[in-house]
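Worksheet: one structure, shown below.
Just so you know, all these numbers are worked out from the coordinates, no wet-lab data involved. Note that the structure is predicted; figures quoted are calculated from it, not measured. Every residue, glycine among them, receives a Cβ derived from its backbone with ideal geometry; neighbour counts consider all protein chains shown.
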Amino acid sequence: DNFVIVLVLGSADSGKSTLIKQIRITSSNGVFTMGEIDGIGLCDALNLFKSVVNNPLLCKIEFMLYFNKMDIFEEKLKTVPLKKIFSSSTVQDENSYADSLVDEHSTLGNTYEFGNEDGINFTDDSGSNPRKAQQRNKLINKKLKKERKELINTTLIKVLVLGSADSGKSTLIKQVRILNKMGFSMQEIHEFHVVIIGNLIGSMKKIIKGVEMLKIEIPTELLDEYNKSVEIISSYLWNTSVEVDPEVTEMMIKISKMDVIKEGLKRSTELNSLGIQDTASYFVTNTERILDTMFYPNNQDILLSRRATTTVTSTAVTVSGTEFKFIDVSGQKSQRKTWLPYFEDAAATMFVVDISSYDKNMEEESSTNRLFDAWKLFGEIINNELLANTEFMLFFNKMDLFISKIGTVLVTDYLEDYKGNPKDLRDIKIFIAKKFQSITERRLNYVYFTTTTDSKLMKKVISTSM
């Protein structure tokens with residue numbers, strides 16, 4: 001929920017508490033600076049008002065000036081002239097004094113017309129006219145909402161995108177850019193092209209190793225051709241460019257169509273030790289298209305491309321008229337100590353978890369389960385004091401892989417404290433969500449089960465979360 005923070009300031013005994021009590025009765029809110037129109041107290045109040053209204057920390061806050069205790073003021077005017085208090089002032093009466101204040105502070109912005117043509121409303125907060133007060137409060141609320149909306153729409157909102165390595169953080173940001181029609185520059189598309197070629201070659205080499213490890217039988221009539229292709233591909237030293245050796249290209253296209261490779265891709269979950277990317281099947285299946293000399297990456301190619309984030313990247317994206325700055329940091333365990341400086345001024349944190357990694361161990365620590373590492377890291381982040389006032393959104397990502405996996409790779413073999421049906425998707429999701437909630441006293445209001453590469457699904461998620 002969003003709250004408007006309201007400062008109620010003024011000199012001692014000016015009526016601040018009375019005003020708040022009246023607000024509770026009439027259900028209004030606003031930002032008020034008050035002066036007690038009473039002798040020396042008024043001089044103090046004027047000095048205080050000047051120091052507050054000119055404070056740079058409050059430069060974007062809407063001010064409303066309440067002159068309180070008018071009933072007492074009117075009685076005092078009969079015996080104590082203003083000139084006696086403001087000896088240097090040329091004002092003759094209360095109206096000209098009000099005008100002088102407007103002139104002096106005319107740079108504050110809009111003058112709200114609540115009471116008279118001068119835009120000044122002398123009011124008594126004793127509740128003598130509750131109907132008028134209620135109407136005025138509605139007007140204040142309306143103006144506050146409008147100003148707040150304008151302020152949000154002109155402010156860059158900083159969003160941290162955190163999570164373990166290969167959880168889908170960068171993919172989430174790419175999806176936000178695509179859905180909001182931000183697009184990619186020619187330089188970025190070229191870089192993605194290079195990454196995609198690398199993803200394809202790396203995946204093909206690992207699947208070839210996997211076929212050998214799984215002892216998948218190769219038809220006799222294809223054995224010579226397969227072995228020749230494997231030898232050329234395995235020994236190929238790619239020079240990190242979009243150009244691939246023509247012979248290697250021919251062999252990769254040929255081998256990608258063989259049933260032995262397709263079988264290896266199907267059983268890739270049995271090859272965790274090789275670190276095969278979850279997008280391997282997509283790239284290998286599209287080998288011929290990707291290695292074509294006229295290949296131009298489409299949005300799906302870009303979304304599925306994988307490149308380890310080794311530096312902090314900042315991406316500005318405009319969503320529904322509001323500009324967000326997404327900070328993507330490296331999820332590698334060795335890099336997490338560099339996150340801290342970016343926590344300052346963050347308005348929201350998107351924490352991304354690869355829910356399908358429940359059966360995998362970390363590359364940095366082969367004995368540590370990746371989902372357990374994500375859970376532990378989430379606890380450290382959400383309980384960090386620097387993010388105490390930051391809105392949290394928890395994304396359980398790669399649901400497509402998770403759903404396809406739980407039927408054959410039982411979660412009970414990896415999540416020891418889960419005692420439910422190992423094939424009941426709903427129960428498993430609830431269990432994992434509660435597990436993450438249990439590590440913090442903060443209530444998680446935004447929890448999503450997503451597949452960041454699914455544009456249709458992510459369009460709905462982004463529209464509700466941003």
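How long is the gain from Ile189 to Lys50 if the chain were fully straight, where each residue apart is worth 0.36 nm and the alpha carbon distance is subtracted? The partial results should precede the final answer.
Values: separation 139, 0.36 × 139 = 50.04 nm, distance 5.43 nm.
Result for the pair: 44.6 nm of gain on full extension.
Within 14 Å, Cβ to Cβ, of Val194, how many net charges do the neighbouring residues add up to if Lys/Arg are +1 and Asp/Glu are -1? Could the numbers behind the result be given before it?
Numbers: positive: Arg306, Arg307; negative: Glu188, Glu191, Glu243, Asp301.
Around Val194, the charge tally is -2.
Out of the DSSP beta bridges found with both residues in region 302-454, what percent are antiparallel (nearest 5)? Write down the numbers at each step before the final one.
Working: 8 of 18 bridges.
DSSP beta bridges in region 302-454 are roughly 45 percent antiparallel.
What nm distance separates the two modelled labels at Arg426 and Met70, each placed 7 Å from Cα along Cα→Cβ?
Here the answer is 6.1 nm between the modelled labels.
Please report the projected area of region 240-327's Cα convex hull averaged over all directions, in nm². Intermediate values should be presented prior to the final figure.
Working: hull surface 34.1 nm².
Dividing the Cα hull surface by four gives the mean projection, 8.5 nm².
Based on alpha-carbon centroids, what's the gap between region 279-308 and region 243-258 in Å, whole number please?
Region 279-308 and region 243-258 have Cα centres spaced 14 Å from each other.
With a cap of 10 neighbouring Cβ atoms within 10 Å, and only residues DSSP puts in a loop, list the GluC sites (Glu not before Pro) found in region 362-466.
Working: sites: Glu363, Glu364, Glu365, Glu380, Glu385, Glu391, Glu416, Glu441; in loops: Glu363, Glu364, Glu365, Glu416, Glu441.
When the GluC sites (Glu not before Pro) of region 362-466 are filtered for loop state and at most 10 Cβ neighbours within 10 Å, Glu416, Glu441 remain.
In whole angstrom, how long is each semi-axis of the equivalent ellipsoid of region 167-226, when you take the square root of 5 times every eigenvalue of its Cα gyration tensor and sort them from largest down?
On the way: eigenvalues 276, 39, 17 Å².
Semi-axes from the Cα gyration tensor: 37, 14, 9 Å.
Can you give the translational diffusion coefficient of region 326-466 in µm²/s, computed by Stokes-Einstein from the Kirkwood radius over Cα pairs at 10 °C and 1.306 mPa s?
On the way: Rh = 16.1 Å.
D = 98 µm²/s.
Please identify every one of the trypsin sites (Lys or Arg not before Pro) in region 393-466 that sits in a loop by DSSP and has no more than 11 other beta carbons within 10 Å of its own beta carbon.
Those satisfying the criteria are Lys419, Arg443.
Local charge sum around Lys169 (other residues, Cβ-Cβ under 11 Å, Lys/Arg +1, Asp/Glu -1)? Intermediate results must be reported in sequence, preceding the final value.
Values: positive: Lys174; negative: Asp166, Asp328, Asp354.
Result for the local shell: -2.
Under a Cβ-Cβ cut-off of 11 Å, what is the net charge of the residues other than Leu303 that fall near it, where Lys and Arg count +1 and Asp and Glu count -1? Intermediate results must be reported in sequence, preceding the final value.
Working: positive: Lys174, Arg177, Arg306; negative: Asp301, Asp454.
Overall, the nearby charge balance is +1.
Please compute the Cα-Cα pair-distance distribution of region 195-258 with 10 Å bins starting at 0, giving whole percents from short to long.
20, 57, 20, 3
Apply the Karplus curve 6.51 cos²θ - 1.76 cosθ + 1.60, θ = phi - 60°, to the phi angles in region 367-372 and return the couplings in whole Hz, x for Gly and Pro.
Going residue by residue, I get 9, 9, 5, 5, 5, 5 Hz, with x marking Gly and Pro.
Pop the C-beta distance of Ile403 and Lys459 into the FRET formula with R0 = 25 Å and round what comes out to the nearest 0.05. Intermediate values should be presented prior to the final figure.
Values: r = 20 Å, r/R0 = 0.79.
Taking R0 as 25 Å, the efficiency between Ile403 and Lys459 is 0.80.
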